[in-house]
Structures are given as structure tokens and as C-alpha cells.
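Worksheet: the structure to be examined is printed underneath.
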Amino acid sequence: MAHHEKTYILNESFPSDQSKRKEIIDSLCHKIVKSPARMAITPEELYLSLDEAITNAMEHGNRWDPRKTINVSVVAEHDEIHILITDQGKGFDTSVIEAQLNNRDILSNRGRGIYIINQFCKISWNKKGNQIDLHIKRRA
């Protein structure tokens, strides 16, 4: 049986402040890349994925309300790194997005961010639809 020890890399909350979005993403990307958990994606691919997921949480979940926060936690397991991004919004029906990922119109104005993330990570959501889990394969 494989050893499935979890390593907690970070757990931080940030205001949904549009003016601080890039600074937050830069900081998170730097901390994750510098952690001992090696990913099978490049730092640039990680940055793109974080940028899309965090922007979605701040914009669609928290409506850019700086009094509302997003929480980002990163956990490394045996073969994957999980980046969980949770907003304080009411959530949404993720089945619509999951169906669109299988039949993607790349010229559509909506859903492009999820499509981009899906190129680098496996994606899942909690039942409420206010938390995305980016599953990233670990590098040996």
C-alpha cells in the first residue's frame, strides 16, 4: 500500500480586492514553487491556473467585495498537490461547467478561465460550488 502522508504547504486568506489581486497571485505562486513539493507543471502554468481560479473566486464568488475573503490552502499528497480556493459566495451549479469542459467553444466569452485551468490541472468543486480544487500531478 502506498504511503499517503499529507504535507500542508500553506493556508491563507485574502480580501477580494481587485487592486491586490496580482500581488496575491505573485506571492502564492512564489511560495508554492519554492515549497519542497515539486509539480509536473511549469511555474508559468501554475501562475495561469492560479490567476484564473483566484480571479473567478474574487469576481464571481465575492463580487469584488473587499470585506469578503478567499481562502487558499495547498496540500501535497503522495502523487498530487491540491490547491483549494474557497470564496464566500453562494456557489453555483458546477455540472454546467463540467459539461462545457467536454464540449468547449474556445471563442465563448465565458468559461475560458476554467478551460485554461483544465489544460494544466484536474478540476473538482465542492458540492456548494464555492470551492475549486486544482489537482496537480507531482514530479518524481
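At-a-glance table
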read-out: Hits in segment 29-54 (condition: open to solvent by less than 60 Å² (accessible area, probe 1.4 Å), aliphatic (A, V, I, L, M) and either in a loop (DSSP other than H, G, I, E, B) or in contact with a His (Cβ under 6 Å, 6 or more places away or on another chain) (or both)); value: ALA37, ILE41
read-out: Residues located in segment 18-55, provided they are modelled with pLDDT under 95 and farther than 23 Å from GLU77 by Cβ; value: none
read-out: Where a residue in segment 31-47 is in contact (Cβ under 8 Å) with a residue 60 or more places away in the chain and of a type outside the set (A, V, I, L, M, F, W, C) and its partner, wherever it lies, is part of a loop (DSSP other than H, G, I, E, B) and surrounded by fewer than 15 Cβ atoms within 10 Å (Cβ to Cβ), with Cβ under 6 Å and at least six apart; value: ARG38/ARG139
read-out: Complete set of residues in segment 81-90 that are open to solvent by 30 Å² or more (accessible area, probe 1.4 Å) and either touching a helix residue (DSSP H, G or I) at 6+ places or on another chain (Cβ under 7 Å) or not β-branched (Val, Ile, Thr) (or both); value: LEU84, GLN88, LYS90
read-out: Residue ID - farthest from ILE25 (Cα to Cα), chosen from residues in segment 55-80 that are touching a strand residue (DSSP E or B) at 6+ places or on another chain (Cβ under 6 Å) and surrounded by fewer than 22 Cβ atoms within 10 Å (Cβ to Cβ); value: ASP79
read-out: Selection within segment 104-121 - at pLDDT below 75 and small (Gly, Ala, Ser); value: SER108, GLY111
read-out: Selection within segment 1-22 - charged (D, E, K, R), more than 16 Å from the chain's Cα centre (by Cα) and surrounded by 11 or more Cβ atoms within 10 Å (Cβ to Cβ); value: ASP17, LYS20
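The values are calculated or read from the model by the stated rules, or taken from the named source; none is laboratory data. In this text, all values refer to a predicted model and were calculated from it rather than measured experimentally. Cβ sites come from the backbone with ideal geometry, for glycine too, and all protein chains shown count toward neighbours. Surface accessibility is based on the protein's heavy atoms, side chains included, excluding ligands, DNA and RNA. Shrake-Rupley method; radii C 1.70, N 1.55, O 1.52, S 1.80 Å.
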